[in-house]
Amino acid sequence: MEIGSFIELELKKGNEYYKGDNVARLNSARAGIYHALRILDCNTANIPYYQCNTVRDFLLNKGIKIKYYHIDSGFNPIDLEVGDDEAVLLVNYYGIMSGARMGELAAGYKNVIIDNSQAFFAKPIDNCMNVYSPRKFFGVPDGCYVIGNNANRLTGEYGQDYSSDTSLFLLKRIEAGCEKSYADRMENEKRIDRSDILKMSGLTHAILDGIDYQRVIAKRRENFMLAKELFDSVNKLDVSGYYDKDCIPMVYPLVYEDDGIMDILHKNKIFQGRWWSYLLDEVKAETFEYYISRYIIPITIDQRYGADELKFTRELIK
């Protein structure tokens, strides 16, 4: 116990979105997926090609055998064969996949991990391990939730993460903006890249315990529906196929066949990047993974912004 001296940041308490006996708090989604494999007692993971390479690399470094599968333009697995002692990773892409959709996909397999990194508010699917990445939705330096039967088992074997030494970017962005704090943010990313599986840092846990989640939900829904009005007519991707009213997306996924559009956005200080463009060197040009990696523009719809920012982005693309 410590009493007195200087006063620390004051954050609200008691608001944490996920808590309970079947919740594990870890340091990153890639670590959470590995933890889920341990809970399921599986040493082989079937993962989609269209996935962040940090997941693949982390699992390989942990001795997990990787099998890959392709998806079609409807995000359906098309060459997935899973053994009884293997796990399959199913991704809720962009957060636009409904619970019914993810439940249907999961029903065909025994050991299922749902990657909800892009769908923080998606309800956990029963009889699956569900992995969430809060730092894709909120200003935190690290963090992951794993939710499922006995998800908190084995967590006593992990060390404690500490993030305060590389969290300056969160404060610096407030005063100096994105460009001047980006290098500090990348130092934090390097820390996560170097980390083993760890328990969620105390700083991240404290921040997550104070967020007004209902405000975030309402704003993201509002922004996504406006983005649909603004971009659906030029989008080569059907974003409504699996979307329902319970979806709280991470981004609006715009597929726009113009290789130069990102330069225009960046020049106007709209900081977006193609997701997982490393795949352009790893998959064939005729695959859906190649196509969407080349042309995806993840339009920001988060709680910081509103109609003005979305309309400005639309005018640039128009």
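The values are calculated or read from the model by the stated rules, or taken from the named source; none is laboratory data. Note that this is a predicted model, so its numbers are computed, not measured. Don't worry about glycine lacking a Cβ; one is built from the backbone with ideal geometry, like all the others, and counts go over all protein chains shown.
Here are a few things to note about the model shown:
- Where G241 falls short, out of the listed (1) surrounded by 17 or more Cβ atoms within 10 Å (Cβ to Cβ); (2) assigned to a loop (DSSP other than H, G, I, E, B): (1)
- Yes/no for R221 being surrounded by 13 or more Cβ atoms within 10 Å (Cβ to Cβ), in a helix (DSSP H, G or I) and in contact (Cβ under 8 Å) with a residue 12 or more places away in the chain: yes
- D246 passes every criterion in (1) within 14 Å of T313 (Cβ to Cβ); (2) in contact (Cβ under 8 Å) with a residue 60 or more places away in the chain; (3) of a type in the set (D, E) apart from (1).
- Verdict on A206 being of a type in the set (G, A, S) and touching a residue at least 12 places away in the same chain (Cβ under 8 Å): yes
- Condition check for A285 on (1) over 30 Å from I217 (Cα atoms); (2) under 18 Å from the mean Cα position of the chain (by Cα); (3) not in a helix (DSSP H, G or I): one failure, at (2).
- Residue in segment 147-154 that is more than 16 Å from R304 (Cβ to Cβ) and either outside the structural domain of Y132 (by TED's automatic domain parsing) or without any contact (Cβ under 8 Å) to a residue 60 or more places away in the chain (or both) present: no
- Residue match in segment 68-79 (condition: more than 20 Å from the chain's Cα centre (by Cα) and among the acidic types (D, E)): yes
- Residue count, segment 224-238 (criterion: touching a strand residue (DSSP E or B) at 6+ places or on another chain (Cβ under 8 Å) and surrounded by 17 or more Cβ atoms within 10 Å (Cβ to Cβ)): 5
- Just one of the listed residues (R25, R101) is assigned to a helix (DSSP H, G or I) and either under 19 Å from K199 (Cβ atoms) or not assigned by TED's automatic domain parsing to the domain that holds I296 (or both), namely R101.
- Residue in segment 163-171 that is on the phi > 0 side of the Ramachandran plot and polar (S, T, N, Q) present: no
- Which listed residue, of I264, I292, I299, is touching a residue at least 24 places away in the same chain (Cβ under 8 Å), surrounded by fewer than 13 Cβ atoms within 10 Å (Cβ to Cβ) and not in a loop (DSSP other than H, G, I, E, B): I264
- Scanning segment 1-49 for residues that are among the aromatic types (F, W, Y) and out of contact with any His (no Cβ under 8 Å at 6 or more places or on another chain) turns up F6, Y17, Y18, Y34.
- The listed residues are V82, V55, and the only one of them that is outside any strand (DSSP E or B), aliphatic (A, V, I, L, M) and either modelled with pLDDT of 95 or more or under 22 Å from F224 (Cα atoms) (or both) turns out to be V55.
- Screening Y50, Y68, Y18 for residues that are within 29 Å of S240 (Cα to Cα), assigned to a loop (DSSP other than H, G, I, E, B), modelled with pLDDT of 95 or more and assigned by TED's automatic domain parsing to the domain that holds V140 leaves exactly one candidate, Y50.
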